[in-house]
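Chemist: Below is the structure I would like to discuss, written out as structure tokens.
The values are calculated or read from the model by the stated rules, or taken from the named source; none is laboratory data. The structure displayed is predicted, hence computed values, not measured ones. Don't worry about glycine lacking a Cβ; one is built from the backbone with ideal geometry, like all the others, and counts go over all protein chains shown. Only protein heavy atoms, including side chains, enter the accessible area calculation; ligands, DNA and RNA are left aside. Shrake-Rupley method; radii C 1.70, N 1.55, O 1.52, S 1.80 Å.
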Amino acid sequence: MTPEYRIETEKQITEYLKDNDLENIKYMQVEQTFDDLGLEINVWNVKFADSSWWVVEGEGAPMNLYSQDANYFSADEAYSFHMGITQRLQAKHHQEFKHIIDELPLDIDHVKSISRRLNLASQELNNVNGPEDIQSIGLTCRESLIELAGVLVNDNATVLTDNALKASDFKGISNAVIAIYAKGSSNAKLRKRCRAISEAAWDHSSEIVHSPNRNVPDAKICLLFTCSVVSIFQNLYLKHLGFDSEPKCSECKSLDYEFHGTDNELVIVMRCNACGHEEAVQLGPEQ
């Protein structure tokens, strides 16, 4: 333990104990240091006028205190008890870990490789140990966007030639395809917003890749941007297919309805499950 570490840790312990209504320390000293689990953990012996405490802290372990008077712990027992709790909390965290992708309604099964990349990146968020791990997540996001650009080009064969674009130009390709999938003046604001998100995803992933000073929230935001862009293009494509003209109840505008047959094979009845309104729908030319 270096003198600098000791001085800083003594300050942290003093503040920690103060937060637990323990003030006016009479004695504080490292009682024992353990490294049998590959981590350096210190057990401090802290005494007040009317009580004595073990404070356990160290590499990869949260700080906690244990009463010497109530539990009759030795330094070794306090260490063992503390690390047992710490390992159980870590195991619980891993069991309950939620992929960042689960935070988005992301359905990309038809693009298997992008799905696989983003799922792996979401798992890597739980195991970040250094700047290079965060940069790796940024690289995965950027590669996913490049692959998405390839999918958009394959689905729109003339988008490169029509717009004088290169296959590696994600921003140009995404902007051009947004114009295809969201045509018309009624979608002008939507096009602007989708382009902004696509460009933000590309720019942020590039910054993550090239910066050694980013943190886990930055990587998480990068992954959220990337997943959002993939999901946005899926839904833009559904709009392009004509989902905007999907039938709605003429009374309450609900999309929850059922169709029922009639004696006339060219006429069916659309019944709204929300308000009960019924109306006839002509399937063919009237006789």
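Chemist: Of all residues in segment 11-46, which are more than 37 Å from the chain's Cα centre (by Cα) and among the basic types (Lys, Arg)?
Modeler: Matches in segment 11-46: 26 only.
Chemist: Can you list residue pairs whose Cβ atoms sit under 7 Å apart, with the first residue in segment 249-271 being farther than 11 Å from residue 281 by Cα and the second being basic (Lys, Arg) and at pLDDT 75 or above? Count only pairs 6 or more apart in sequence or on different chains.
Modeler: 257/271; 258/271
Chemist: Determine if segment 27-46 includes at least one residue that is in a loop (DSSP other than H, G, I, E, B), modelled with pLDDT of 70 or more, out of contact with any Gly (no Cβ under 8 Å at 6 or more places or on another chain) and among the hydroxyl-bearing types (Ser, Thr, Tyr).
Modeler: No, there is no match, as no residue in segment 27-46 is in a loop (DSSP other than H, G, I, E, B), modelled with pLDDT of 70 or more, out of contact with any Gly (no Cβ under 8 Å at 6 or more places or on another chain) and among the hydroxyl-bearing types (Ser, Thr, Tyr).
Chemist: Using the structure shown, decide if residue 125 is among the aliphatic types (A, V, I, L, M), within 16 Å of residue 233 (Cα to Cα), open to solvent by less than 50 Å² (accessible area, probe 1.4 Å) and out of contact with any Gly (no Cβ under 7 Å at 6 or more places or on another chain).
Modeler: Against the criterion (among the aliphatic types (A, V, I, L, M), within 16 Å of residue 233 (Cα to Cα), open to solvent by less than 50 Å² (accessible area, probe 1.4 Å) and out of contact with any Gly (no Cβ under 7 Å at 6 or more places or on another chain)), residue 125 does not qualify.
Chemist: Output the residues belonging to segment 160-211 that are farther than 14 Å from residue 145 by Cβ and acidic (Asp, Glu).
Modeler: 162
Chemist: Taking the condition of being over 15 Å from the mean Cα position of the chain (by Cα) and touching a residue at least 40 places away in the same chain (Cβ under 8 Å), how many residues in segment 223-233 meet it?
Modeler: 1
Chemist: Show the residue pairs that are 6+ apart or on different chains and have beta-carbon atoms under 6 Å apart, the first residue being within segment 198-222 and of a type in the set (S, T, N, Q), the second being at pLDDT 90 or above and part of a helix (DSSP H, G or I).
Modeler: As it stands, the answer is 198/174; 198/229; 205/138; 205/141; 205/142; 205/222, since those pairs meet every condition given.
Chemist: Condition first: modelled with pLDDT of 85 or more and surrounded by fewer than 16 Cβ atoms within 10 Å (Cβ to Cβ). Can you find one or more residues in segment 260-267 that meet it?
Modeler: Among the residues of segment 260-267, not one is modelled with pLDDT of 85 or more and surrounded by fewer than 16 Cβ atoms within 10 Å (Cβ to Cβ), which makes the answer no.
Chemist: Only one residue in 170, 233, 243 is modelled with pLDDT under 90 and open to solvent by less than 20 Å² (accessible area, probe 1.4 Å). Which one?
Modeler: 233 is the lone residue from the list that is modelled with pLDDT under 90 and open to solvent by less than 20 Å² (accessible area, probe 1.4 Å).
Chemist: Could you tell me which residue of segment 1-47 is farthest from residue 77 (Cα to Cα), considering only residues that are open to solvent by less than 20 Å² (accessible area, probe 1.4 Å) and free of Cβ contacts under 8 Å to residues at least 40 places away in the same chain?
Modeler: Among residues in segment 1-47 that are open to solvent by less than 20 Å² (accessible area, probe 1.4 Å) and free of Cβ contacts under 8 Å to residues at least 40 places away in the same chain, the one farthest from residue 77 (Cα to Cα) is 46.
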